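For reference, the structure discussed in these notes is given below.
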Amino acid sequence: MSKRALEVHWGVHHRGFVDDLNKQLGKSDILYGSTMDELVKATYNNGNPLPEFNNAAEVWNHDLFWESMQPGGGGMPKLGLLEQIEKDFGSFTNFREKFMETALSLFGSGWVWVVLKRREKRLAVVKSSNSINPIVWDDIPILNLDMWEHAYYLDYKNDKAKYVSTFMNHLVSWNAAMVRMACAEAFVNFGEPKIPIA
Amino acid sequence: MALRSLATRKTLTLGLNSTRLTQSRALQTFSLPDLPYDYGALEPAISGEIMQLHHQKHHQTYITNYNKALEQLHEAIQKGDFSTVAKLQSAIKFNGGGHINHSIFWQNIAPIREEGGEPPKGSLGWAIDTNFGSLESLIQKINAEGAALQGSGWVWLGLDKELKKLVIETTANQDPLVTKGAHLVPLLGIDVWEHAYYLQYKNVRPDYLKNIWKVINWKYANGVYEKESA
């Protein structure tokens, strides 16, 4: 991901969402003191989003996006996260394919996510349109990838496949994902742990 | 370059309930229409780089995928595989819509030396004044709707054939204008997907919308209007 792309994406797009959100929130005190999570869920309004939703969600989404990447990223997750991926997708290769397929089958603007599904108690790759965020479906996001054209157009023009595979190969931060997974597991009951007996 | 006419879509016969062995008519495939102007001819309103990518990559991809989806639909109908028929609907709407919308778009814009940007004369000019007060007022409204559209989509000036009036509508993704009303005919469509302006305008969609009017081909829109309101 080029410096120029980051300058525009973070410095103009993301900054714009933050500024616009602050302007909107400045108008009334109703949402004062909410966390970002609460803000996104409240403004989603059960599917009938309020005007603040788009800005709030895009701030949330981009915050996670920068966290989902690191210099020298890529490779594979380790330990518990890798085990969970192998359990839920069969293999890491299958997971990668599913991620690619989901990203490329998104029509229009949106995001691809790796989430921990609360009810099904498993990891899944999901896509969402525009600024929708899986926390409104009560799932726990582990990673995301911005599939809006502005995220890749400067570097890749319309070659989405190259963008997604570069993300997987060189940018994705499995360290960040493992930390988020560890936190997420606190909220999902996977059953009794198998503690080995000495 | 002559504009190759859009291949007319022949309907696929649904052989689902026929007991005779009536084969569906041969499947029509679509191809990329040539632009009636050079890629750089719309500068500085729209850069040559954008025009080339937009036409050769984006539009071509919609056509390729539309042809693929139609072929798969054809097979599924012949096999009586309804579940596949149902699954293909969104790909057909998306890619077919992309093809139709962009084919209209290339005719909605024209180089300045070919009267791009010249205000509408004739019955459309009059209808705009009647429906919106003035051309400036129309442009302002279209730009406001276009800028406010979240995500990807199109902003349209359409003719409602039933109510006999002009309307401004937006559609999401590649939904064609008819998805907003069966009696709506597109006169002008402006692509507000990011790929239509990003390389030149970055995220300042309002600047793109302000500048595109310098190359809007009102002659075409007027032609469609006169034909459809006859």
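Sites listed here are GluC sites (Glu not before Pro) in the stretch B:119-177 whose DSSP assignment is loop and whose Cβ has at most 13 other Cβ atoms within 10 Å: B:162.
What is chain A by shape, rounded, prolate or oblate, if you read a ≥ b ≥ c off the alpha carbon gyration tensor as root eigenvalues and call it rounded for a/c under 1.5, prolate for a/b larger than b/c, and oblate otherwise? Oblate. Restricting the calculation to alpha carbons of the stretch B:45-229 gives Rg and Dmax of 17.4, 55 angstrom. By the helix-only formula, in which each DSSP H run with n ≥ 4 contributes -39500 (n - 2.57) and the sum is divided by residues, chain A has a 222 nm mean residue ellipticity of -14000 deg cm²/dmol. In chain B, excluding the sites themselves, the longest stretch lacking any of the trypsin sites (Lys or Arg not before Pro) that are in a DSSP loop with at most 12 other Cβ atoms within 10 Å is B:26-120. Evaluated at 37 °C with a viscosity of 0.692 mPa s, what Stokes-Einstein diffusion coefficient in µm²/s does the stretch A:32-106 have when Rh comes from the Kirkwood expression over alpha-carbon pairs? The calculation lands on 217 µm²/s. Screening chain B for DSSP H helices whose Cα atoms reach 18 Å or more along their own axis and whose mean Kyte hydropathy is at least -0.5 gives B:82-108, B:135-148. Look at the alpha carbon pairs under 8 Å that are at least 6 residues apart: their mean separation over the length of the stretch A:3-68 gives a relative contact order of 36 percent. Charges were assigned to the Cβ only: +1 to each Lys and Arg, -1 to each Asp and Glu. The resulting dipole of the stretch A:131-186 about its Cα centre is roughly 200 debye. Here is how the number arises for chain B: DSSP H runs of 4 or more residues each give -39500 (n - 2.57), the sum is divided by the residue count, and the result at 222 nm is -14000 deg cm²/dmol. Excluding same-chain neighbours fewer than eight residues apart, the lysines reachable from residue A:3 by a Cα-Cα span under 23 Å are A:157, A:160, A:162, B:202.
Each pair of Cα atoms in the stretch A:79-190 enters the Kirkwood radius, and Stokes-Einstein at 20 °C and 1.002 mPa s then converts it into a translational diffusion coefficient of 148 µm²/s. Using a cutoff of 8 angstrom between alpha carbon atoms and counting only pairs six or more residues apart, the relative contact order for chain B works out to 21 percent. Here, the protein assembly as shown has an Rg and a Dmax of 24.4, 91 Å when only alpha carbons are counted. By the count of neighbouring beta-carbon atoms within 10 Å, fewest first, A:188, A:164, A:114 end up ordered A:188, A:164, A:114.
We did not get these values from a lab; they are worked out from the coordinates using the rules stated. Note that the structure is predicted; figures quoted are calculated from it, not measured. Glycine gets a Cβ as well: all are built from the backbone with ideal geometry, and neighbour counts include every protein chain shown.
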